[in-house]
Amino acid sequence: MIAKWSYRLTTFFLLAAPVCLPLFYLPLTTDFYQFNKLVLFYILTGLGLLAWLVYSIATKTVRLTLSTPLLPFLTLAAAAAASIWFNPPRTAESWLVGGGLYLAGFVYFLLTSTIVQTAPQVKTSLLLLTAGLSLTALAAALNINLTGSALSLTSLLLSWLPAALVLAFKARSGPKKIAYFLLSGVMVSSLILNGYKLLPGRELQPVLLNPPAAWLIGVDTLKTKLFLGTGPGRFSESFTRFKPIGLNLTDYWNINFAVSANVYLELLTTLGLIGLAAFVWLIAAVNRLRRRLPGTRITASQLALFAGFFTQILLAMAIPFTVVNWVLFVITISLLVSGQKSKQTSQVKDVLLTLSAVTLVEPQTALDSGQARSILPWFIALPSLLGLIIVFFNLTKVYGAEYYFKQSLDAAAKNDGKNTYDLQVKVVGLAPDNDRYRVAYSNTNLALANSLAARTDLSDQEQQTVATLIQQAIREARAATQINPNKAGNWANLANIYKSLVNFADGADQFAQAAYVRAIQLDPANPGLRLDLGGLFYGLKNYDSARDRFLETIQLKPNLANGYYNLSYVYQQQEKWLEAYQAMQQVIAIVEPDSDDGARVRNELSDLEKKLPPAKTADQPETTGGDLAVPSPAPAAPDNLPPIEL
């Protein structure tokens with residue numbers, strides 16, 4: 001009885017994943033969709049593993065399915081684990097959010113390919129999977145996007161539509177054929193309604209990194225981390241470090257892409273040559289499943305699964321995968337393996353593992369073989385159970401931190417500083433090794449300090465509170481750089497905090513300069529960082545250094561109006577009127593003529609013209625776009641503020 005129910009529960013949990021994931025989301029975290037779908041996948045896979053362990057103990061044996069995709073799948077998961085290990089920080093988030101999908105995907109594949117044994121089970125799985133995706137498509141037709149974006153929905157439906165159509169055309173006449181045609185029709189309708197919105201010029205045109213730039217980033221990453229890449233989920237670090245300067249001339253110059261242009265380039269960058277080779281090997285191994293014994297034919301289920309599989313690997317060349325795309329990819333391979341079991345092919349075999357305990361008996365005593373105690377399931381169950389406890393303990397902390405972080409952002413949106421602060425204290429307590437939370441907490445402390453310092457007639461206690469908040473802002477910003485020193489954004493945040501404290505604490509300008517330099521080293525093609533550093537020098541009246549930084553800014557992005565505008569102001573401070581006039585001419589060529597900026601710049605240019613020497617240069621060539629702002633001075637310190645330790 002235990003074996004029967006544990007087997008059913010294993011099947012239920014595993015097959016519920018591809019059905020429920022497209023439909024599931026929770027507005028409890030900053031990411032309503034992908035993060036919560038990933039957590040649900042972990043929960044269902046963990047419950048499936050637990051039920052399978054009970055089943056193995058009840059049957060006193062361990063049954064596993066060995067197939068050609070098993071070894072490349074294991075290699076891909078091992079590459080992800082090794083990449084995390086050799087690319088610190090090795091935080092709970094990097095394991096669970098970054099590489100966890102590859103590790104859990106391997107466990108899911110092994111269990112599903114083992115537990116699904118018969119052709120009717122495969123057919124039922126296909127029907128449930130198609131129904132789940134059709135419900136997702138139907139919700140989108142009602143303006144309820146359960147996947148998070150039009151691109152993710154379109155890619156998901158497109159990757160399974162060929163399989164659904166094969167099932168519809170191959171099914172025998174009857175209710176099942178009608179059902180598949182109806183489900184396919186819903187998917188086609190949703191694709192038409194949502195797909196056209198993704199076309200160039202439409203309102204939902206996706207913002208994706210272009211493949212040539214992604215290729216250059218991947219190749220440059222391999223020069224430093226050939227075999228294991230930068231680590232799963234950490235593409236943005238490679239992007240900032242190796243971003244081609246040519247991207248600064250596009251509309252997406254100020255976007256920090258978190259994923260590569262497609263799956264293959266993502267794997268190349270984050271998992272290195274080993275990860276990409278394992279993925280290509282996996283595709284080749286699945287392709288070998290097409291081999292059939294003489295006299296056998298391919299079934300409708302197998303044809304549908306192969307149609308879905310090849311559509312997915314082609315789609316992987318065009319876009320990066322979401323959590324649901326990866327789970328669909330894994331379940332497709334799992335069901336392909338299970339569908340081969342009835343074919344008696346060499347690519348798929350079941351292996352039964354047993355290990356019996358030693359039993360002391362009296363001499364000449366017979367022992368029935370049925371009385372042997374199989375201990376192998378226990379040997380597997382105990383470490384697996386310990387692993388599940390560790391995983392779900394850390395998953396609870398990670399999810400709790402995300403939940404409270406979302407609550408803190410909601411409080412900040414309501415200008416509730418106290419709750420924002422208190423909730424972020426909880427967040428940092430739950431996830432002290434998460435640099436993203438430290439950055440947010442540092443900015444919260446600084447914002448509260450600035451708000452309090454802006455008041456008049458501060459009491460001694462309030463002045464001490466301001467000093468404490470500023471010291472906490474510095475501490476948290478520093479902690480973020482210590483947790484992940486390879487992230488340019490962490491150093492930029494530290495630099496901005498020091499920059500705002502130039503009038504509060506001695507030496508803040510030197511610390512700010514050092515942090516900006518480190519941020520620029522990690523993000524060398526970012527014109528914004530040099531613009532900010534130039535603004536720091538401008539505020540310190542170090543006009544030569546400010547000029548050099550602004551010149552570097554416009555070299556990186558020749559159509560950045562603010563770079564020329566700030567450069568003109570530096571030249572004006574140095575009374576170099578001709579250079580100031582030339583720089584302001586460039587601003588005129590960039591800004592929209594009918595905008596407020598355009599009118600202001602024309603007035604300033606007219607004033608500069610009056611200060612020109614007799615000869616002036618010709619107009620410069622036209623460029624495009626940018627907002628104007630003179631470098632802002634650092635805020636003044638309140639009277640009698642206690643000394644701040646940097």
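Out of 437, 421, one residue alone is crowded, with 16+ Cβ neighbours inside 10 Å, within 14 Å of residue 403 (Cα to Cα) and either in contact (Cβ under 8 Å) with a residue 12 or more places away in the chain or not basic (Lys, Arg) (or both). It is 437. For residue 137, state whether it is touching a Ser or Thr at 6+ places or on another chain (Cβ under 7 Å) and more than 23 Å from residue 282 (Cβ to Cβ). Yes, satisfied.
Only a single item in (1) surrounded by fewer than 17 Cβ atoms within 10 Å (Cβ to Cβ); (2) modelled with pLDDT under 95 is not met by residue 597, and it is number (1).
Just wondering, is there one or more residues in region 15-29 that are touching a residue at least 40 places away in the same chain (Cβ under 8 Å), over 27 Å from residue 403 (Cβ atoms) and not acidic (Asp, Glu)? Yes, because at least one residue in region 15-29 is touching a residue at least 40 places away in the same chain (Cβ under 8 Å), over 27 Å from residue 403 (Cβ atoms) and not acidic (Asp, Glu). Is it the case that residue 390 is among the β-branched types (Val, Ile, Thr), in contact with a strand residue (DSSP E or B) (Cβ under 9 Å, 6 or more places away or on another chain) and within 30 Å of residue 52 (Cβ to Cβ)? So residue 390 fails the test. Scan region 79-91 for residues that are under 21 Å from residue 389 (Cα atoms) and surrounded by fewer than 21 Cβ atoms within 10 Å (Cβ to Cβ) and the total you get is 4. Selection over region 197-218 of residues that are over 11 Å from residue 149 (Cβ atoms), in contact with a Leu (Cβ under 9 Å, 6 or more places away or on another chain) and of a type outside the set (Gly, Ala, Ser) gives a count of 7. Is it true that residue 32 is touching a Pro at 6+ places or on another chain (Cβ under 8 Å), among the hydrophobic types (A, V, I, L, M, F, W, C), touching a residue at least 40 places away in the same chain (Cβ under 8 Å) and on the phi < 0 side of the Ramachandran plot? Spelling it out, it is not the case that residue 32 is touching a Pro at 6+ places or on another chain (Cβ under 8 Å), among the hydrophobic types (A, V, I, L, M, F, W, C), touching a residue at least 40 places away in the same chain (Cβ under 8 Å) and on the phi < 0 side of the Ramachandran plot. Beta carbons closer than 6 Å, at least 6 apart along the sequence or on distinct chains, pair a first residue in region 407-418 that is on the phi < 0 side of the Ramachandran plot with a second that is of a type outside the set (Val, Ile, Thr) and assigned to a helix (DSSP H, G or I) for 407/423; 408/423; 408/424; 411/419; 417/448. Return the total of residues in region 431-441 being under 14 Å from residue 482 (Cα atoms) and either assigned to a helix (DSSP H, G or I) or not charged (D, E, K, R) (or both). Final tally of qualifying residues: 7. Annotation: of all residues in region 591-602 being assigned to a helix (DSSP H, G or I) and of a type in the set (Gly, Ala, Ser), the one that is farthest from residue 554 (Cα to Cα) is 599. Residue-level analysis places residue 70 among those that are within 17 Å of residue 334 (Cα to Cα) and surrounded by fewer than 22 Cβ atoms within 10 Å (Cβ to Cβ).
Does residue 76 satisfy being more than 20 Å from residue 23 (Cα to Cα) and buried (at least 22 other Cβ atoms within 10 Å of the Cβ)? It is true that residue 76 is more than 20 Å from residue 23 (Cα to Cα) and buried (at least 22 other Cβ atoms within 10 Å of the Cβ). Among the residues making up region 560-587, a single one is part of a loop (DSSP other than H, G, I, E, B) and among the aliphatic types (A, V, I, L, M): 560. Of all the criteria given as (1) in contact with a Ser or Thr (Cβ under 9 Å, 6 or more places away or on another chain); (2) of a type in the set (Ser, Thr, Tyr); (3) buried (at least 22 other Cβ atoms within 10 Å of the Cβ), the one not satisfied by residue 59 is (3).
Hey, among the residues in region 349-383 that are at pLDDT 85 or above and touching a helix residue (DSSP H, G or I) at 6+ places or on another chain (Cβ under 6 Å), which one's surrounded by the fewest Cβ atoms within 10 Å (Cβ to Cβ)? Within region 349-383, the match that is surrounded by the fewest Cβ atoms within 10 Å (Cβ to Cβ) is 381.
Residue by residue, here is whether (1) at pLDDT 95 or above; (2) surrounded by 15 or more Cβ atoms within 10 Å (Cβ to Cβ); (3) aliphatic (A, V, I, L, M); (4) part of a helix (DSSP H, G or I) holds:
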position: 589; (1), (2), (3), (4): no, yes, yes, yes
position: 607; (1), (2), (3), (4): no, no, no, yes
position: 612; (1), (2), (3), (4): no, no, yes, no
position: 616; (1), (2), (3), (4): no, no, no, no
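Residues that are within 17 Å of residue 162 (Cβ to Cβ) and of a type outside the set (Gly, Ala, Ser) were ranked within region 124-135; the one that is surrounded by the fewest Cβ atoms within 10 Å (Cβ to Cβ) is 127.
The values are calculated or read from the model by the stated rules, or taken from the named source; none is laboratory data. Please read these numbers as outputs of a predicted model, since none were measured by experiment. FYI the Cβ positions are ideal-geometry reconstructions off the backbone, even for glycines, and counts take in every protein chain you see.
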